[in-house]
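To start, the structure under review is shown below, and the notes come after it.
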Amino acid sequence: MSINLQVIKDHDELYSRGVEIIQHQLASGATTFGLATGGTMLPLYEKLVSSTIDFSSCQSFNLDEYVGLKASHPESYISFMNKNLFEAKPFAHSELPNGEASDAQQEAERYETLLKQINLDFQLLGIGENGHIGFNEPGTPFEAPTHVVSLTESTRQANARFFDSIDEVPKEAITMGISSILRASTILLIAVGEKKRQALTALIHGEQTIDVPVTALQSHDNIIVLTDLDI
Ligand code: GLP
């Protein structure tokens, strides 16, 4: 296990470090970027938007998308990415799973094929309170490719804050699989706030188990973790 753990208490400093890491990736020749959504990423994207960074010759691939939500819905992940990053910092090409596809399983297979054709140089990751990465919920085999998932009640509750009511939170999503995530050459995980302590502690000090999906990262040899938590 090779985790480069960086504990930075000051949020502004933590996110500036995140931007530096991404700039360093670009300077080292990275062209394919795996991106993430979630509240944790907002300050990072804000800083990227106000930086001089230029992704116009790069490609991006998002981790996941809700199934059954219109792309135009403000909480679809495509809307999130357009609003918070792509409008200001466009990539040459950006891909997300299509949550409106008539056959979600087929769409998951298309996305996995695409991911296998390129090799992600870099993957940005947040973490769910229950240790999920992307939308790989506890119990997901580490070998799973991009697939359709049923969201757990706790994940829907956690994401309900972005919707008018819990009933509006989709019940399914398409997510990159854990094996798809692990193929990225470098992974940057950002975990901020006490709610992420348990999951992060499992990654740093726990046994590898499918009950806490983030522990799959213990098998990767190039992980950077940025956190404000003393672990
Ligand atoms: C969602 C996303 C994950 C994200 C997680 C944490 O479930 N699918 O990619 O890491 O939320 O979100 P937040 O950063 O808002 O805590």
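All of the numbers you see were taken from the coordinates with simple rules; none came from a lab. Worth saying up front: this structure is predicted, and the values here are computed from it rather than measured. Glycine also receives a Cβ, built like all others from the backbone with ideal geometry; neighbour counts cover every protein chain displayed.
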Give me the percent of Cα-Cα pairs in the range 70-111 that sit more than 14 Å apart, rounded to a whole number. 52
Gain in length, residue 185 to residue 2, computed as 0.36 nm per residue apart minus the alpha-carbon separation, to one decimal in nm? 64.6 nm
From Cα pairs below 8 angstrom and at least 6 apart in sequence, can you work out the relative contact order of the range 3-116, rounded to a whole percent? 24
Highest mean first, how do 60-70, 116-126 rank when packing is the count of other Cβ atoms within 10 Å averaged over residues? 60-70, 116-126
Between rounded, prolate and oblate, where does the range 126-231 land on the alpha carbon gyration tensor, with a ≥ b ≥ c its root eigenvalues, rounded for a/c under 1.5, else prolate if a/b exceeds b/c? oblate
For residue 62, what residues show an amide H to amide H distance below 5 Å, using hydrogens built from the backbone and excluding near sequence neighbours? 35, 95, 96
Karplus ³J(HN,Hα) for the range 172-182 (6.51 cos²θ - 1.76 cosθ + 1.60, θ = phi - 60°; Hz, whole; x = Gly/Pro) runs 9, 8, 9, 10, 3, x, 5, 5, 5, 5, 5
Cβ-based charge dipole, the chain, positive-most Cα from 52, 127, 69: 52
So, with +1 on the Cβ of K and R and -1 on the Cβ of D and E, and no other charges, what is the size of the charge dipole of the range 156-231 about its Cα centre, to the nearest 20 debye? 80
Label-point separation (nm) for residue 230 and residue 71, each offset 7 Å from Cα along Cα-to-Cβ? 4.8
How big is the charge dipole of the chain about its Cα centre, in debye rounded to the nearest 20, if each Lys and Arg gets +1 on its Cβ and each Asp and Glu gets -1 on its Cβ? 320
Express as a percent, rounded to the nearest 5, the fraction of DSSP beta bridges in the range 5-164 (both residues included) that run antiparallel. 10
Taking the chain, the equivalent ellipsoid from its C-alpha gyration tensor has semi-axes in Å, biggest first, of 23, 21, 18
Given the Cα-Cα distance of residue 116 and residue 168 and 0.36 nm per residue of separation, how much length would full extension add, in nm? 15.4 nm
How large is ³J(HN,Hα) for each residue in the range 98-112, as worked out from phi by the Karplus curve 6.51 cos²θ - 1.76 cosθ + 1.60 (θ = phi - 60°), to whole Hz, x for Gly and Pro? 8, x, 9, 4, 5, 10, 5, 5, 5, 5, 4, 5, 4, 5, 5
Among 198, 213, 86 - extreme Cα towards positive end, dipole of the chain, charges at beta-carbon: 86
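Roughly what % of DSSP beta bridges within the range 73-231 run antiparallel, to the nearest 5?
35
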Estimated dipole of the range 82-168 in Debye, rounded to 20 [Cβ of Lys and Arg +1, of Asp and Glu -1, Cα centre]: 320
In nanometres, the difference between 0.36 nm per residue of separation and the alpha-carbon distance of residue 16 and residue 198 is 63.0 nm
In this structure, among 47/196; 70/171; 47/89; 116/171; 83/196, pairs with alpha-carbon gaps over 18 Å are 47/196; 116/171; 83/196
Between the modelled labels at residue 102 and residue 83 (7 Å from Cα along Cα→Cβ) the distance in nm is 3.0
